[in-house]
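The values are calculated or read from the model by the stated rules, or taken from the named source; none is laboratory data. Since we're looking at a predicted model, the values are computed, not measured. Glycine also receives a Cβ, built like all others from the backbone with ideal geometry; neighbour counts cover every protein chain displayed.
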Ligand SMILES: Cc1cc2nc3c(=O)[nH]c(=O)nc-3n(C[C@H](O)[C@H](O)[C@H](O)COP(=O)(O)OP(=O)(O)OC[C@H]3O[C@@H](n4cnc5c(N)ncnc54)[C@H](O)[C@@H]3O)c2cc1C
């Protein structure tokens, strides 16, 4: 088949600037050809100076990360046939969030130093007893499975390439390094959890993520780095590390949704309606009074992008009941033994008003069907009979 | 530019990194040179697992592992080397687990083990079908922990030699351009295999026999080069490997008539017979007209979606990406493909070559533990066990050697610079890939699963012609310094051609059938005349090869007829 590509070729000039040029190619390739095979065909038969990385061509070495039509892909994992059938001419460019060395080759040194900064190896205390028989640690399949996804990471850089937060804050640790950090936090054999969590609880750590989920979507290996970041966030809560604004925001969001909070005089925030307007000032604390923040709030309100403060007194967020019930179930299921570490504050009772509304909405069986989990305090059919 | 270290390791796959870690533990200053970033190494593509007689699933014993290895090798393995590997395996794998390696687990928490071809017990420890990947990454973690200096994307072009002694390695800096030398008292080659000389290989683009060729040109003997293993289940389009784990998990091989043909060739072991046996059976089926478009069918459909998704997700993905087949619904067309070079730089059981200061470990080396046929799961093990032993020895002996003065690498730097300049200056002639394609064709046609005198002699002739064309000059279109992969491909093709030449000539030389070397004109194994290694060598000055034999070390196991 005839495959067509347009490639952004980039050549550094001696003066430090870069010459950029979008070059079209058309080349014969076999039916099963991948994007990488197509680049090879170009390099071997058209222009030997085309620069890109490659090695295993089976999606495990992580060399051939690049962008196709603006999205990060592994070139060896993209089949050309469907593109050719659709008559498409994809545009190939280097990964984002990294300096370009030449053509499709990027400088990944920042990527590697961020990985390096997570202490990416198992750390064990001298006091931890070694397995008595001198053999392996006994790890149940379920326990091992906690780090399965993160263990799949091939460090190709596709997630970092697409990371919106890193675009805004180049110092953000980024999805790959955070997934690597979780790989050890989630490992029963590791004893450095606190230090690891401290290292990700910084301005450029866990809470710097904007949750755009591009990393999950573009990861070619199913690592789901954003999920790893969420797990780190949860672990921070488990260890009482909740001082960061990000953590406070999450906490207040939850409290507001649950209708439960500890500040005095916060009826508006904690009435169980999820009070969006109040979230920001409570997250920021006294800082909210700074003119920049205050003015931003006013501007948002004037453009209709923030509801008035009294809004939540009258309006309950749609679907909140379900969220609340899920939360309740999670609080029971997700005990300290499952996640490792103690909860800072034990899970509380749901306010009676919410419990009532829930009972009105779902039967025990429906809840079971919706969530796959049994309610403890509701009579189930088995326990009833 | 020259930098100096006590030990330099060329290659950052499993063998190289394991050697580096052990050398670092030995308290010497270690550096690693690699043309790829360490985690890009081809060790990461190993899927099935790593053999170790842990006995977690069924009774097992390192002695049985040793016997299986020797029998699998068709009695060409050096038995002392195999004993060491199988016995030290247990401690080494446990250490990997203690380093934090991810393993699939049994319900009781122990490392899971699965059956693999030609093994007397379910002995292959694994992590789903990404075993090489998790091992490679845990090794990289340890490399970082030990703060080993890595020269990333440094392409080693030649060894630096001071008379008869190896004094380091001369490299081309791929990212910035320029010839740079790393001087060292001990140099360890860990550059992996050379499958790229064949069409339809499971090997990565980077597996071009560089280390073997560098050692060979410096005068180090290569051992058993004719022994290229063919893996029975590779995809037709590009040789991508579908792991033996698929058969270990219960997959069937069928011909065009739907028959499980292995029953004819290996009535007991069936699909789990040793690799050479399965590859030959497939070849026979295909050539007797019972193939499907040049392939046989690897059928997993009866395992069910759950089992496939849990135990073999990577294989399913590869078949989807490279053959357009979903293994849950349809059988995967597969055929034998060049997979693993059992031969390589001859070493003793401490990774030492006859050249002072030069060591080798991993696929580049031939200790030999695999003999004429490697068992699946034994080469990852070899990288770990012999990587460790070689790293330890290289460090220990480096401490005893005098430091290498930087000027001792000057001759090497000059030679490499001349070679690079010559390549860049050539204006007319073939492109390197044209020569590689022609080489891969003659190798696949004449040195595949079955061989004979006529075919192999043809290959020797073809290779001689290709080598002559290469020497006249290949064109490198990229004339720049920055990331000039056109230049490094051209150098790699030179290595491939020379190593292919050794393979073909040793093939002609060995007049029997043993393991992977299966001749239709000498169908029997001939222990009387050929229970011996082939040793090929040249001198730095004279490119002509000499081939001779060397005895096999036999300790406990006298050769027997090999059936499965
Ligand atoms: C698809 C596949 C699946 C496999 N599955 C299994 C399995 O399940 N079990 C098993 O036991 N074995 C398996 N094997 C075999 C096994 O993976 C390899 O033999 C082994 O990993 C080789 O390791 P190595 O460290 O010797 O080389 P590699 O991992 O190939 O590393 C070579 C290193 O050398 C470097 N290098 C090469 N040339 C140069 C140069 N000129 N300059 C600088 N650096 C250089 C490379 O950058 C790389 O870092 C498999 C092999 C393949 C191809």
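Given (1) within 7 Å of another protein chain (Cβ to nearest Cβ); (2) farther than 15 Å from residue B:377 by Cα; (3) in contact (Cβ under 8 Å) with a residue 24 or more places away in the chain, identify the lone condition not met by residue B:84.
Condition not satisfied by residue B:84: (1).
Here is a yes/no grid of residues against (1) away from the ligand (no atom under 16 Å from the Cβ); (2) assigned to a loop (DSSP other than H, G, I, E, B); (3) under 19 Å from residue B:552 (Cα atoms):
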position	(1), (2), (3)
B:375	no, yes, yes
B:380	no, no, no
B:392	yes, no, no
B:399	yes, no, no
B:404	yes, yes, no
B:407	yes, no, no
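For a quick check of your reading of the model, give me the residue pairs whose first member lies in segment A:84-101 and is surrounded by fewer than 15 Cβ atoms within 10 Å (Cβ to Cβ), whose second is assigned to a loop (DSSP other than H, G, I, E, B), with beta-carbon atoms closer than 8 Å and at least 6 apart or on different chains.
A:99/A:107
Could you say whether any residue in segment B:242-263 is closer than 21 Å to residue A:78 by Cα, within 14 Å of chain A (Cβ to nearest Cβ), under 24 Å from the mean Cα position of the chain (by Cα) and crowded, with 23+ Cβ neighbours inside 10 Å? Walk me through it before giving the result.
Our first condition is that a residue be closer than 21 Å to residue A:78 by Cα; within segment B:242-263, this holds for B:242.
With the extra rule that they be within 14 Å of chain A (Cβ to nearest Cβ), the set shrinks to B:242.
Adding the requirement that they be under 24 Å from the mean Cα position of the chain (by Cα) leaves B:242.
With the extra rule that they be crowded, with 23+ Cβ neighbours inside 10 Å, the set shrinks to B:242.
Yes: segment B:242-263 contains one or more residues that are closer than 21 Å to residue A:78 by Cα, within 14 Å of chain A (Cβ to nearest Cβ), under 24 Å from the mean Cα position of the chain (by Cα) and crowded, with 23+ Cβ neighbours inside 10 Å.
Can you name every residue in segment B:472-509 that is over 25 Å from residue B:203 (Cα atoms) and crowded, with 24+ Cβ neighbours inside 10 Å?
none
Scan (1) out of contact with any strand residue (DSSP E or B) (no Cβ under 7 Å at 6 or more places or on another chain); (2) in a strand (DSSP E or B) for the single condition residue B:141 breaks and write down its number.
All conditions pass for residue B:141, except number (2).
Scan B:520, B:539, B:534, B:546 and give me the residue that is under 15 Å from residue B:447 (Cβ atoms) and out of contact with any helix residue (DSSP H, G or I) (no Cβ under 7 Å at 6 or more places or on another chain). Break it down into steps so the answer makes sense when it comes.
Working: B:539 fails: under 15 Å from residue B:447 (Cβ atoms); B:534 fails: out of contact with any helix residue (DSSP H, G or I) (no Cβ under 7 Å at 6 or more places or on another chain); B:546 fails: under 15 Å from residue B:447 (Cβ atoms).
Being under 15 Å from residue B:447 (Cβ atoms) and out of contact with any helix residue (DSSP H, G or I) (no Cβ under 7 Å at 6 or more places or on another chain) holds for just one of B:520, B:539, B:534, B:546, which is B:520.
Condition first: in a helix (DSSP H, G or I) and within 12 Å of the ligand (Cβ to nearest atom). Now tell me which residues in segment B:203-240 satisfy that.
Within segment B:203-240, B:210, B:211, B:212, B:213, B:214, B:215 qualify.
Determine the pairs where a residue that is in contact (Cβ under 8 Å) with a residue 12 or more places away in the chain and within 14 Å of chain A (Cβ to nearest Cβ), located within segment B:492-509, has a partner that is more than 12 Å from the ligand (Cβ to nearest atom) and in a helix (DSSP H, G or I) with Cβ atoms under 7 Å apart, the partner being 6 or more residues away or on another chain.
From segment B:492-509, the pairs are B:493/B:432; B:493/B:435; B:493/B:436; B:493/B:470.
Starting from residues that are within 20 Å of residue B:8 (Cβ to Cβ) and within 9 Å of another protein chain (Cβ to nearest Cβ), keep the ones in segment B:40-52 and report whichever is surrounded by the most Cβ atoms within 10 Å (Cβ to Cβ).
Applying the first criterion (within 20 Å of residue B:8 (Cβ to Cβ)) to segment B:40-52 yields B:40-41, B:43.
So of that shortlist, the ones also within 9 Å of another protein chain (Cβ to nearest Cβ) come out as B:40-41.
Details: B:40: 29, B:41: 32.
The qualifying residue surrounded by the most Cβ atoms within 10 Å (Cβ to Cβ) is B:41.
Conditions (1) buried (at least 20 other Cβ atoms within 10 Å of the Cβ); (2) at pLDDT below 95; (3) within 14 Å of chain B (Cβ to nearest Cβ), marked per residue:
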position: A:167; (1), (2), (3): no, yes, no
position: A:173; (1), (2), (3): yes, no, no
position: A:178; (1), (2), (3): yes, no, no
position: A:183; (1), (2), (3): yes, no, yes
position: A:191; (1), (2), (3): no, no, yes
position: A:199; (1), (2), (3): no, no, no
position: A:202; (1), (2), (3): no, yes, no
position: A:206; (1), (2), (3): yes, no, no
position: A:211; (1), (2), (3): no, yes, no
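Being away from the ligand (no atom under 15 Å from the Cβ) and assigned to a loop (DSSP other than H, G, I, E, B) is the filter here, so list the residues in segment B:103-133 that pass it.
Within segment B:103-133, B:106, B:107, B:108, B:109, B:110, B:120, B:121 qualify.
Can we say residue B:94 is farther than 30 Å from residue A:74 by Cα, at the interface with another protein chain (Cβ under 10 Å from one of its Cβ atoms) and more than 20 Å from the chain's Cα centre (by Cα)? Give the steps one after another, and end with the answer.
Values: farther than 30 Å from residue A:74 by Cα: yes; at the interface with another protein chain (Cβ under 10 Å from one of its Cβ atoms): yes; more than 20 Å from the chain's Cα centre (by Cα): yes.
Criteria met by residue B:94.
Tell me which of these residue B:561 doesn't satisfy, since it passes every other one: (1) under 30 Å from residue B:62 (Cβ atoms); (2) at pLDDT 95 or above; (3) loosely packed, with under 15 Cβ neighbours inside 10 Å.
(2)
Answer yes or no as to whether residue B:152 is within 11 Å of chain A (Cβ to nearest Cβ), surrounded by fewer than 22 Cβ atoms within 10 Å (Cβ to Cβ) and more than 30 Å from residue B:490 (Cβ to Cβ). Please lay out each step first, then the result.
Values: within 11 Å of chain A (Cβ to nearest Cβ): yes; surrounded by fewer than 22 Cβ atoms within 10 Å (Cβ to Cβ): yes; more than 30 Å from residue B:490 (Cβ to Cβ): no.
Judged against the criteria, residue B:152 is not a match.
Residues to consider are B:7, B:32, B:28, B:39; find the one that is in contact with a helix residue (DSSP H, G or I) (Cβ under 6 Å, 6 or more places away or on another chain) and part of a loop (DSSP other than H, G, I, E, B). Even if it seems obvious, please write down each step before you answer.
On the way: B:7 fails: part of a loop (DSSP other than H, G, I, E, B); B:32 fails: part of a loop (DSSP other than H, G, I, E, B); B:39 fails: part of a loop (DSSP other than H, G, I, E, B).
None of the other options fit; the residue is B:28.
Which numbered condition in (1) away from the ligand (no atom under 12 Å from the Cβ); (2) touching a residue at least 40 places away in the same chain (Cβ under 8 Å); (3) on the phi < 0 side of the Ramachandran plot is the only one that residue B:91 fails?
(2)
Against the conditions (1) under 25 Å from residue A:59 (Cα atoms); (2) modelled with pLDDT of 95 or more; (3) part of a helix (DSSP H, G or I), where does residue A:149 fall short? Just the number, please.
Unmet condition: (2).
For segment B:353-366, what are the residues that are in a loop (DSSP other than H, G, I, E, B) and within 12 Å of the ligand (Cβ to nearest atom)? It would help to see each step written out before you state the result.
We begin by selecting, within segment B:353-366, every residue in a loop (DSSP other than H, G, I, E, B); these are B:353-355, B:357, B:361.
Across segment B:353-366, the qualifying residue is only B:361.
Suppose we filter segment A:131-144 for residues that are assigned to a loop (DSSP other than H, G, I, E, B) and more than 8 Å from every other protein chain (Cβ to nearest Cβ); how many remain? Quick ask: steps written out before the conclusion?
The first filter runs over segment A:131-144 and keeps only residues assigned to a loop (DSSP other than H, G, I, E, B), leaving A:131-140.
From what is left, the residues that are more than 8 Å from every other protein chain (Cβ to nearest Cβ) are A:131-133.
Selection size over segment A:131-144: 3.
Can you find even one residue in segment A:79-94 that is within 12 Å of chain B (Cβ to nearest Cβ) and in contact with a helix residue (DSSP H, G or I) (Cβ under 7 Å, 6 or more places away or on another chain)?
yes
Mind checking whether some residue in segment B:185-195 is out of contact with any strand residue (DSSP E or B) (no Cβ under 7 Å at 6 or more places or on another chain) and part of a strand (DSSP E or B)? Before the answer, list the steps.
First, pick out the residues of segment B:185-195 that are out of contact with any strand residue (DSSP E or B) (no Cβ under 7 Å at 6 or more places or on another chain): B:192.
From what's left, part of a strand (DSSP E or B): none.
The answer is no; no qualifying residue exists.
Only residues in segment B:34-53 that are closer than 21 Å to residue B:180 by Cβ count as the first member; pair them with residues that are near the ligand (Cβ under 6 Å from one of its atoms) and in a strand (DSSP E or B), Cβ under 6 angstrom, at least 6 apart or cross-chain, and list the lot.
B:35/B:155
Checking residue B:371 against (1) at pLDDT 95 or above; (2) surrounded by fewer than 23 Cβ atoms within 10 Å (Cβ to Cβ); (3) not in a helix (DSSP H, G or I): exactly one of these is not met. Which one?
Residue B:371 satisfies every listed condition except (2).
Would you confirm, using the coordinates I've provided, whether residue B:160 is more than 13 Å from the ligand (Cβ to nearest atom), crowded, with 24+ Cβ neighbours inside 10 Å, at pLDDT 95 or above and more than 14 Å from every other protein chain (Cβ to nearest Cβ)? So that I can check it myself, show each step before the final result.
On the way: more than 13 Å from the ligand (Cβ to nearest atom): yes; crowded, with 24+ Cβ neighbours inside 10 Å: yes; at pLDDT 95 or above: yes; more than 14 Å from every other protein chain (Cβ to nearest Cβ): yes.
It is true that residue B:160 is more than 13 Å from the ligand (Cβ to nearest atom), crowded, with 24+ Cβ neighbours inside 10 Å, at pLDDT 95 or above and more than 14 Å from every other protein chain (Cβ to nearest Cβ).
What pairs can you find where one residue is in segment A:55-72 and near the ligand (Cβ under 10 Å from one of its atoms), the other is in a strand (DSSP E or B), and their Cβ atoms are less than 9 Å apart, with a gap of 6+ or different chains?
A:58/B:241
Which condition number does residue B:12 fail, the rest of (1) within 14 Å of the ligand (Cβ to nearest atom); (2) farther than 20 Å from residue B:392 by Cβ; (3) in contact (Cβ under 8 Å) with a residue 60 or more places away in the chain; (4) in a loop (DSSP other than H, G, I, E, B) being met?
Failing condition for residue B:12: (2).
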